[in-house]
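Before any comments, here is the structure.
The values are calculated or read from the model by the stated rules, or taken from the named source; none is laboratory data. This is a predicted model, so every value here is computed, not measured. What goes into the accessible areas is simple: the full protein's heavy atoms, side chains included, and nothing from ligands, DNA or RNA. Shrake-Rupley method; radii C 1.70, N 1.55, O 1.52, S 1.80 Å.
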Amino acid sequence: MYSSQQSPAAPAAPAPAAAARATPEEFRAALGQLAAGVSLLTVHDPDDDEAAGMTATSFLSVSLEPPMVLVSVRADSRMDELLAGAETWAVSLLAEEHRTLASRFAMKGRLSDRLLFADAAWRPGPHSGAPLIDGALATVECRTEQRIAAGDHTLVLGRVLAAEVPAPAGRPLLYLRGGYRQLG
């Protein structure tokens with residue numbers, strides 16, 4: 001139904017500011033308000049015959065048909081280099097009890113991956129050989145479909161080869177405002 005009264009004119013759009021750009025600090029503070037699930041991205045390094053891992057909060061579902069996911073890794077990082085050479089990889093969605101494990105794999109200047117995995121309970125994925133964390137809420141094994149350069153990161157698009165939900169009643173580990181959080 002239309003009103004006989006005329007609605008007020010919409011405000012004019014601001015003029016584009018070519019030089020306007022959020023600083024990294026402003027951007028980090030703003031996006032820090034968005035809660036994210038915490039996952040562990042893993043790959044089997046065939047050169048060393050070792051497992052490697054990285055804590056990731058930039059992991060998301062992309063498509064149901066075919067099932068696809070996306071993960072973001074820092075460009076030129078060790079994980080970026082490993083994923084560039086690996087066909088398959090895995091992601092474990094971490095539960096609250098994996099807080100220490102998540103912190104360990106997120107450290108800068110960290111220990112070798114062999115030491116990081118030393119006391120972690122995991123099994124190699126049947127499709128990727130990459131570690132799947134025991135007690136994870138869910139695990140997915142993927143094959144890289146595409147790598148996309150995006151600023152200082154690489155977006156890795158993966159086709160899901162297998163997905164399991166070993167802990168459907170578990171409570172997720174979340175990351176919000178620069179720290180790990182729990183629901184409730």
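Some notes on this structure:
- Full-stretch length increase - residue 61, residue 84 - with 0.36 nm per residue and alpha-carbon distance subtracted: 6.2 nm
- Identified option (computed P(r) over Cα pairs in 10 Å bins from 0, in percent; candidates (i) 10, 37, 34, 14, 4, 0; (ii) 9, 29, 27, 22, 11, 3, 0; (iii) 9, 33, 32, 13, 7, 5, 2, 0): (iii)
- Ellipsoid equivalent to region 111-162 - semi-axes via the Cα gyration tensor, in Å: 24, 17, 9
- In the full protein context, the chain carries 62 Å² of accessible surface per residue, based on a 1.4 Å probe and ignoring ligands, DNA and RNA.
- Fraction of accessible area attributable to carbon and sulfur, the chain (%, probe 1.4 Å): 56 percent
- Each residue of region 134-143 was assigned a 3J(HN,Hα) from its phi angle through the Karplus curve 6.51 cos²θ - 1.76 cosθ + 1.60 (θ = phi - 60°); the sequence is 4, x, 5, 4, 7, 9, 9, 10, 9, 10 Hz, with glycine and proline shown as x.
- Cα extents for region 49-119 along the principal axes, largest to smallest and rounded to whole angstrom: 38, 31, 21.
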